[in-house]
Amino acid sequence: MKSVNILIPTLNVGGGEKAAIKNASLFCDMGYDVTIVVFLERVILEVPPNIKVKKITSLKKFIEFCASIHHRNDIINISMLERANAINILLFLFLKSNSVLSIHTAPKVGFNNRAVYKRFFITFFYKLSSILSIPIISVSNGIAHDLNELYGIKNSFVIPNFIPERQLARDIQKDNDNVRFLFLGRLEKIKGIDVLVNSIQKLDELDCQCTITFVGNGSQMRFLSKSLDNIKNININIVGEVDDPSPYLSESNYLLSTSYAEGFGLVILEALSFGCDVVYSKCDFGPREILSYDVNNNISVGFLDPSIDFDRSSDELTNIMRLLVKNKNSTSDKCKEVIRSDILSLYSKEEVKSKYNLFFKHVGF
């Protein structure tokens, strides 16, 4: 049996980590023996029993791992996130391993927010991968374009993340009397927490009554709590990190995606599968690509990318939220259901599985 190793720094709560487990399950369904290789001790997410987890926490364990993949054509190593990608490039260079990189971050905007020394190493390793012609999986078309423009990478294949089948909007009853907005994800600067806070403060001054729930954790938690402490007219609910966000998705009318950059945006698909409409920043790249199919803005509305103009972006978001609270959407539920179903079908497990089958054939695995 052929084997797939998924290399990742940690398995904590994050979009990339969740995608790693979903992809691992997908590869198991495709008949591969799958191991998630974690380079740090931290494992929070639950891993299905048919997927092995190997923790590389010492030099001895790393040497043993290297020996197990050296010149093995029946093992493919797919890395996720930048640190794991760097290790995978070195494995290819020195061990002739069967390596594939995957990129989940919008390179131009996302990498530009990293520290200078991190940007140096990212540039070095990705230009090296271009020279070595290592295959790269990009989760959006925009990422593939950036990789070519920035690092000269041409050996890139677009395979998006997928969403497991769930109930569609017809099975979920929404309360339209009290409009509920939901932010679901890491509370980090790149996610546009400052943009959302600024908009909420302006919305509160307009005496706009609604509920806004935050589900997630991160370095911006203290800033978020302190900034929203004096909000009077809006019901603010800061939940923190949860294992299962389904109850919050089920009760919410709108998902708020306010990022400065978003490589894919799996949360968009999760929200659509629970019957939520989406308010999103038109940042690079994921949400914009996914929701481009909603050509008449029946289930989504976008506002200016905050990396272009913070104040204007915040003003647009404030106005959108105010109008959504004031005016009930006139689009029929049946029309919304059709659009959601069409979008979700493009990112189904079977659709992504077929893309991986073609990719593995292309790389000779």
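Bear in mind that the values in this text are calculations on the coordinates, not laboratory data. Small disclaimer: the values here were computed from a predicted structure and weren't measured. Positions of Cβ are generated from backbone atoms using ideal geometry, with glycine treated the same way; all protein chains shown enter the neighbour counts.
Calculated FRET efficiency, Ser219 and Asp33, Cβ-Cβ r, R0 45 Å, to nearest 0.05? Please report the intermediate quantities before stating the final value.
Working: r = 37 Å, r/R0 = 0.83.
Efficiency at R0 = 45 Å is approximately 0.75.
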Pick out which of Leu184, Leu291, Leu323 has the largest mean-square fluctuation in a Gaussian network model of the chain, springs linking Cα atoms closer than 10 Å.
Leu323
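Take peptides 350-362, 75-87, 141-153 and line them up by average Cβ neighbours within 10 Å, highest first, as a rough protection proxy.
75-87, 141-153, 350-362
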According to a simple spin-label model (label point 7 Å from Cα along Cα-to-Cβ), what is the distance in nm between Asn148 and Cys66?
3.6 nm
When each of Lys18/Lys189; Lys118/Lys361; Lys202/Lys334; Lys191/Lys334 is checked by Cα-Cα distance, pairs over 29 Å
Lys118/Lys361; Lys202/Lys334; Lys191/Lys334
Excluding residues on the same chain fewer than 8 positions from Lys60, give the aspartates and glutamates whose Cα lies under 19 Å from its Cα.
Glu41
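Rounded, prolate or oblate: which fits the chain when a ≥ b ≥ c are the square roots of the eigenvalues of the alpha-carbon gyration tensor, with rounded for a/c under 1.5 and prolate only if a/b beats b/c? Write down the numbers at each step before the final one.
On the way: a/c = 1.95, a/b = 1.72, b/c = 1.14.
The shape class here is prolate.
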Counting other beta carbons within 10 Å of each Cβ, put Thr258, Thr35, Thr123 in order, fewest first.
Thr123, Thr35, Thr258
Taking the Cα centre of region 90-239 as origin, work out the dipole magnitude from +1 charges on Lys and Arg Cβ and -1 charges on Asp and Glu Cβ, in debye rounded to 20.
680 debye
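Rounded to the nearest 0.05, what FRET efficiency do Leu90 and Arg312 have when you use their Cβ-Cβ distance and R0 = 30 Å? Walk me through the numbers on the way to the answer.
Numbers: r = 43 Å, r/R0 = 1.45.
The computed FRET efficiency comes out at 0.10.
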Sorting Glu262, Glu241, Glu316, Glu46 on the 10 Å Cβ count, fewest up front, what's the list?
Glu46, Glu241, Glu316, Glu262
Between Asn178 and Asn73, what is the spin-label point distance in nm, taking each point 7 Å from the Cα along the Cα→C-beta axis?
6.4 nm
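Given 0.36 nm per residue, what is the gain on full extension from Lys189 to Ser250 after removing their alpha carbon distance, in nm? Intermediate values should be presented prior to the final figure.
Values: separation 61, 0.36 × 61 = 21.96 nm, distance 2.63 nm.
Extra length available between Lys189 and Ser250 comes to 19.3 nm.
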How far apart, in nm, are the 7 Å Cα→Cβ label points at Asn113 and Lys334?
4.2 nm
Report the residues of region 200-215 in range of a label on Asn319: point 7 Å along Cα→C-beta, backbone N strictly under 20 Å from it.
200-209
Ellipticity estimate at 222 nm from DSSP helix runs (n ≥ 4, -39,500 (n - 2.57)) divided over the chain, nearest 500:
-13000 deg cm²/dmol
Sequence-distant lysines (8 or more away, or on other chains) whose Cα lies within less than 16 Å of Lys336
Lys174, Lys328
R0 = 25 Å: FRET efficiency of Asp243 with Asn50, Cβ-based, nearest 0.05?
0.80
